[in-house]
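So the structure is just underneath, and the comments pick up after that.
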Amino acid sequence: ESLVPRVKQNRTKFSANILATESIARGRNFLEAHRDALESAETIYGVPKEEIVAVIRVESNLGKYLGNLGVWNVFYTRLITSPEDKWQWDAANLTALGKYCYTAKVDCFSIKGSNAGAFGVVQFLPYSVEEWGVDGTGDGIVNLFDMKDSIPSAANFLKEHGWEDDQPGALASYYGNGKTYPAAVLGYADALRESSPDDLRLGTGNQRETSPVMGKVSAFATYVTVKFYCLFSSTPYCQD
């Protein structure tokens with residue numbers, strides 16, 4: 001297995017399209033398709049279903065973009081190339097990944113994810129799977145490529161990171177830091193909540209560039225926020 005280079009992202013290929021009408025429509029379709037799991041997670045963990053959908057939209061474009069790099073290779077590369085005082089985090093993730101593969105009975109080299117080593121629909125790091133992953137199907141395995149496990153896992157992570165008292169802070173923990181990621185998630189969730197199927201009907205030929213119903217969130221302010229964020233990020237919501 002080859003080493004994975006630390007890639008510098010090409011900023012020019014990303015665009016702030018998360019609030020496009022088509023994007024919100026796909027979010028509504030996703031919500032309806034997985035309503036039972038989303039409402040169950042909302043009841044158990046106290047995270048609204050719209051915010052859970054928004055996280056999944058940002059992290060993996062609703063499951064369309066899961067990454068294509070070997071997660072084992074990512075952490076192995078980082079482990080052997082990190083400075084002496086910064087290798088522990090990569091070692092912890094590599095260990096967690098090994099334990100996960102053993103429990104799930106899967107080939108570790110078959111798990112693909114992002115350049116950061118996150119994988120699955122909700123893009124968890126291996127350590128996060130070990131700490132906050134939820135077995136929603138009851139089969140003894142946290143399968144982050146299964147919505148019934150991914151959805152409660154994301155909700156549990158946010159709950160355990162202070163969602164009830166500080167929603168932006170919990171979302172910043174999900175991403176790792178920053179203010180623009182929480183703004184993008186909350187903006188998308190707000191637009192999703194305030195929309196209706198009639199507003200977002202696909203294939204009508206008269207779709208607007210952005211959702212006509214932004215609710216509490218200013219369309220302009222949110223656009224500027226996510227546009228700035230996309231200059232510095234490779235998260236899938238920046239892609240078509």
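Structure above, values below:
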| item | result |
| --- | --- |
| Yes/no for ALA37 being touching a Gly at 6+ places or on another chain (Cβ under 9 Å), open to solvent by 20 Å² or more (accessible area, probe 1.4 Å), among the small types (Gly, Ala, Ser) and modelled with pLDDT of 95 or more | yes |
| Any hit, the stretch 131-141, residues being closer than 19 Å to LYS49 by Cβ, modelled with pLDDT of 95 or more, within 14 Å of the chain's Cα centre (by Cα) and not in a loop (DSSP other than H, G, I, E, B) | no |
| Any chance TYR45 is over 16 Å from the mean Cα position of the chain (by Cα) and farther than 30 Å from ARG193 by Cα | no |
| Pairs with Cβ under 7 Å, 6+ apart, first in the stretch 153-178 and open to solvent by 50 Å² or more (accessible area, probe 1.4 Å), second small (Gly, Ala, Ser) | LYS159/GLY46; HIS161/ALA170; HIS161/SER173; GLU164/GLY46 |
| Yes/no for SER211 being open to solvent by less than 10 Å² (accessible area, probe 1.4 Å), touching a helix residue (DSSP H, G or I) at 6+ places or on another chain (Cβ under 7 Å) and at pLDDT below 95 | yes |
| One residue from PHE145, PHE109, PHE124 being among the aromatic types (Phe, Trp, Tyr), surrounded by fewer than 23 Cβ atoms within 10 Å (Cβ to Cβ) and within 22 Å of PRO48 (Cα to Cα) | PHE145 |
| Hits in the stretch 122-175 (condition: of a type in the set (Asp, Glu) and farther than 21 Å from GLY67 by Cβ) | ASP135, ASP139, GLU160, GLU164, ASP165, ASP166 |
| Those residues of the stretch 55-95 which are of a type outside the set (S, T, N, Q), part of a helix (DSSP H, G or I) and farther than 17 Å from PHE145 by Cα, in sequence order | VAL74, PHE75, TYR76, ARG78, LEU79, ILE80, TRP89, ASP90, ALA91, ALA92, LEU94 |
| Residues of the stretch 63-93 satisfying the condition of being buried (at least 22 other Cβ atoms within 10 Å of the Cβ) and hydrophobic (A, V, I, L, M, F, W, C) | VAL71, TRP72, VAL74, PHE75 |
| Contacts under 6 angstrom Cβ, first residue in the stretch 112-127 being within 14 Å of TYR175 (Cα to Cα) and small (Gly, Ala, Ser), partner open to solvent by 10 Å² or more (accessible area, probe 1.4 Å) and not in a helix (DSSP H, G or I), 6 or more apart | SER114/GLY67; GLY117/LEU125; ALA118/LEU125 |
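The values are calculated or read from the model by the stated rules, or taken from the named source; none is laboratory data. Everything quoted here is computed from the prediction, not taken from an experiment. Cβ sites come from the backbone with ideal geometry, for glycine too, and all protein chains shown count toward neighbours. Just so you know, the surface numbers come from the protein's heavy atoms only, side chains and all, with ligands and any DNA or RNA stripped out. Shrake-Rupley method; radii C 1.70, N 1.55, O 1.52, S 1.80 Å.
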